[in-house]
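The values are calculated or read from the model by the stated rules, or taken from the named source; none is laboratory data. The model shown is predicted, which means the values in this text are computed figures rather than measured ones. Ideal geometry is used to build each Cβ from the backbone, glycine not excepted, and the neighbour counts take in all protein chains shown. Note: areas computed on protein heavy atoms with side chains; ligands, DNA, RNA excluded. Shrake-Rupley method; radii C 1.70, N 1.55, O 1.52, S 1.80 Å.
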Amino acid sequence: GKVVEILGEIDDPGIEIEIAVRKFGVPHEFSDMAQKAASKLPFDVGPKDLEDRVDLRDIALVTIDGEDARDFDDAVFAEKRAGGGYRVVVAIADVSHYVRLDSPLNEEAEDRGTSVYFPHYVLPMLPEALSNGLCSLNPHLDRLCMVCDLTLSRSGKVTGYEFYPSVMHSKARLTYTQVGQYLDGVTDAIPEDKSIHKSLNTL
């Protein structure tokens with residue numbers, strides 16, 4: 001037998017995670033090709049990325065996640081329609097713009113299937129440049145997304161919908177706790193932005 005890796009002492013903090021990762025064969029290192037592909041990605045959305053996309057940067061889309069969330073995949077917005085009923089916009093990060101079929105990044109993602117979450121630790125499905133960067137709907141940054149734009153009746157019945165690629169600009173990173181407090185009447189639990197308040201009230 002040959003020692004190939006030393007994980008640490010049995011009572012080291014977090015050692016149980018290291019053991020579980022090896023015991024169950026969870027992929028925890030990206031290939032050189034995937035890391036190289038990720039390093040070539042831009043740091044931000046550029047003008048060319050916006051071609052053939054609906055610009056939703058002026059509406060109050062926000063993300064709502066747990067306090068310990070590390071990436072922000074989806075955002076929501078709602079408004080009352082002039083003729084009655086509602087418009088609801090649901091946006092999800094457009095990973096397909098950066099991760100092409102048959103690419104090293106896609107092969108890595110297929111191999112993992114999903115990110116794996118441990119307490120205070122995550123093994124992402126994609127390299128950090130994507131999972132926490134370009135494909136995370138971070139606040140106050142332009143991000144590419146796919147959108148479902150819904151119309152609802154006064155009673156909440158879906159009366160129409162449309163899917164399209166878009167660019168958005170999250171107005172805030174909110175938590176379930178913050179939104180719960182706001183809806184319970186604590187108005188300063190979220191940023192003082194009337195457009196965000198109006199959307200959350202409608203939602």
- Check whether at least one residue in region 16-26 is more than 30 Å from THR175 (Cα to Cα), modelled with pLDDT of 90 or more, of a type in the set (A, V, I, L, M, F, W, C) and touching a Pro at 6+ places or on another chain (Cβ under 7 Å), and report yes or no. no
- Checked region 64-117 for anything open to solvent by 60 Å² or more (accessible area, probe 1.4 Å) and small (Gly, Ala, Ser); matches are ALA82, GLY83, SER96
- Residues of region 42-55 classified as at pLDDT 90 or above and either of a type outside the set (Asp, Glu) or more than 24 Å from ILE92 (Cα to Cα) (or both), total: 7
- Task: Report, by residue number, each residue of region 59-100 that is under 28 Å from THR177 (Cα atoms), in a loop (DSSP other than H, G, I, E, B) and of a type in the set (Gly, Ala, Ser).
- Result: ALA60, GLY66, ALA69, GLY85
- Task: Kindly list the number of the only condition in (1) hydrophobic (A, V, I, L, M, F, W, C); (2) surrounded by 13 or more Cβ atoms within 10 Å (Cβ to Cβ); (3) over 23 Å from LEU50 (Cα atoms) that fails for VAL147.
- Result: (3)
- Message: Tell me yes or no: at least one residue of region 153-164 is touching a residue at least 12 places away in the same chain (Cβ under 8 Å), surrounded by 15 or more Cβ atoms within 10 Å (Cβ to Cβ) and either under 30 Å from LYS48 (Cβ atoms) or not aromatic (Phe, Trp, Tyr) (or both).
- Response: no
- Message: Based on this model, can you work out whether ALA78 counts as over 18 Å from HIS140 (Cα atoms), hydrophobic (A, V, I, L, M, F, W, C) and modelled with pLDDT of 90 or more?
- Response: yes
- Note on the structure: Going through region 6-15 in order, the residues found to be under 14 Å from HIS120 (Cβ atoms) and part of a loop (DSSP other than H, G, I, E, B) are PRO13, GLY14
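Where in region 116-203 are there strands (runs of 3 or more DSSP E), lying fully within it, with 1 or more residues that are at pLDDT below 95?
Here the list reads 116-118, 121-123.
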- Note on the structure: The number of residues in region 35-53 that are in contact (Cβ under 8 Å) with a residue 24 or more places away in the chain, open to solvent by 60 Å² or more (accessible area, probe 1.4 Å) and not in a helix (DSSP H, G or I) is 4
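For every residue, the table says whether it meets (1) open to solvent by 100 Å² or more (accessible area, probe 1.4 Å); (2) among the small types (Gly, Ala, Ser); (3) assigned to a loop (DSSP other than H, G, I, E, B).
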site	(1), (2), (3)
ILE17	no, no, no
GLY25	no, yes, yes
MET33	yes, no, no
ARG57	no, no, yes
- Test: residue in region 91-110 that is of a type in the set (Ser, Thr, Tyr) and farther than 21 Å from ALA38 by Cβ: no
